[in-house]
1. So Ser334 passes all but one of these: (1) assigned to a strand (DSSP E or B); (2) out of contact with any His (no Cβ under 6 Å at 6 or more places or on another chain); (3) buried (at least 16 other Cβ atoms within 10 Å of the Cβ). Which condition number does it fail?
2. For region 165-208, which positions are in contact with a helix residue (DSSP H, G or I) (Cβ under 8 Å, 6 or more places away or on another chain) and free of Cβ contacts under 8 Å to residues at least 24 places away in the same chain?
3. Give me the helices (runs of 4 or more DSSP H) completely within region 53-157, filtered to those with at least 1 residues that are within 28 Å of Ala400 (Cβ to Cβ), under 20 Å from the mean Cα position of the chain (by Cα) and at pLDDT 90 or above, ordered by residue number.
4. Of the numbered conditions (1) modelled with pLDDT under 90; (2) within 30 Å of Gln81 (Cα to Cα), Ala168 satisfies every one except a single condition; which is it?
5. How about region 284-320: which of its residues are free of Cβ contacts under 8 Å to residues at least 60 places away in the same chain and more than 35 Å from the chain's Cα centre (by Cα)?
6. I need every pair where a residue in region 385-405 that is closer than 13 Å to Gln158 by Cα and buried (at least 16 other Cβ atoms within 10 Å of the Cβ) has its Cβ under 6 Å from the Cβ of a residue that is at pLDDT 90 or above and of a type in the set (Asp, Glu), sequence separation at least 6 or different chains.
7. From Ala325, Ala393, Ala356, Ala397, grab the single residue that is out of contact with any helix residue (DSSP H, G or I) (no Cβ under 8 Å at 6 or more places or on another chain) and either closer than 29 Å to Arg105 by Cα or of a type outside the set (D, E, K, R) (or both).
Amino acid sequence: MLFRVLMLVSLLLSASFAFADQKLDGIVAVVNEDVITTTELKAAVDQFKNNMAKRDVQLPSDKVIRDQSLERLINIKLQEQVANKAGVSVTESEVDHAITDIAKRNHLSKEILAQKLEEENMTMKQYRKTIHQEMLVARVQQQALAKQIKITPDEINQYMKKQQDKNASNASIHLIDIALLFADDSPSGETAKAFEQEATTICNALKEGKDAETLTKTHKNLTKTDLGWRKISDLPTAFSTAAADMKLNSFHTPLSLGNGYHILQLVGRRDAEKRNVVTESHVAHILIKTKMHDNDEGLADADAKHMIESVRKQITDDASFKRLAKTYSDDTLSAEKGGDLGWITGAQVVPAFRDAMNALKLNTLSQPIKSRFGWHLIKVYERKQTDKTAELARRKATNALYQARFKDEVGNWIQKLRGQAYVKILS
């Protein structure tokens, strides 16, 4: 207890000196060796209110907002401390790339993004700090918890089965109902039997290619109704069950319903989940890395561009692409294989690389391509169309299960950190 009191006094004294030039910025909480200041709390409260205003919902009381904002700051501080001890970090270049990606996803230039931030009373410096903080926390959470989360094949299969059932009920089909209707509401057994035999004869005729419209003229009480496109879930159970295994343009054996016998023809099917057919390219590249900041790996942009142009000239002069990839490429994994990246899709690479790859003719060499990683030379050996629907569905199932489990684990982990920490709320 004495140690904690002494530590608190020491922290308060050091904090008072540290913040003397900030008009005696108050301390609202102590978190192990760190403090949370009034300025930090005010910024968190303002951000909370801005976020709530965007969602157009009623704000809770000022006390609730303050308490929730302070709790969040304490939890972030604890996770930052874990990151520091574990050597987890986020570089300025990574923050640059993250902000660039955010701007592109929202179809904004960096200048317009800065203007919008200013409208929300946030400077770009504050925004960078927020992005850095979010990236650092996400990274330390992944490092601490990823290996603890195990998703079994059975869990994935069960999740996918539920999704398939949901998609099946949302699928649409186009049916034609050819019905032989009873003349009376309660036909005798002999009459019903005769109708069944006649319905079977009609069904066989349809399967042999006879026209339904023509058959309605030669068979009394025979009707043809185009049901149009209907969701499977909206159809009578007997119809939806019968149609489940039907092939296009086939006829189902007569179904006995209360009003007669129904012969269904399936003329169209629309799956709720679209097929995911993608173009895969067998690609190789040579990368010369560039650096955005002095402490980054790589060359200055102009030097990297000059080098990639020199490498390209050697290749056009009949030097081996694979040999030069092994010699010059900064992508060490692919360099060992002569620059070969294997079969990839556009979704697996950054936009600049994707666009150049997709536009390139087979077995030709690209011009130097600039991406956020540096300068590339690209070569496409082959292309093919691949149905990735099943693979994508499995990946989505795995990710959904992982995210749900991860969310629970993060909450438990933060509670554990809080239980092991010294936290003192001062005001």
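The values are calculated or read from the model by the stated rules, or taken from the named source; none is laboratory data. The model shown is predicted, which means the values in this text are computed figures rather than measured ones. Every residue, glycine among them, receives a Cβ derived from its backbone with ideal geometry; neighbour counts consider all protein chains shown.
1. Only one criterion is unmet by Ser334, namely (1).
2. Asp184, Pro187, Ala205
3. The qualifying helices (runs of 4 or more DSSP H) are 92-105, 124-145.
4. (2)
5. Residues satisfying the conditions are Ala302, Asp303, His306, Glu309, Ser310, Lys313, Gln314, Thr316, Asp317, Asp318, Ala319, Ser320.
6. Filtered contacts from region 385-405: Leu401/Glu155.
7. On inspection, the qualifying residue turns out to be Ala356.
Residues checked against (1) under 30 Å from Lys162 (Cβ atoms); (2) in contact with a strand residue (DSSP E or B) (Cβ under 8 Å, 6 or more places away or on another chain):
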residue	(1), (2)
Gly338	no, yes
Ala347	yes, yes
Val350	no, yes
Lys379	no, yes
Asp387	yes, yes
Ala397	yes, no
Ala400	yes, no
Asn412	yes, no
Arg418	no, no
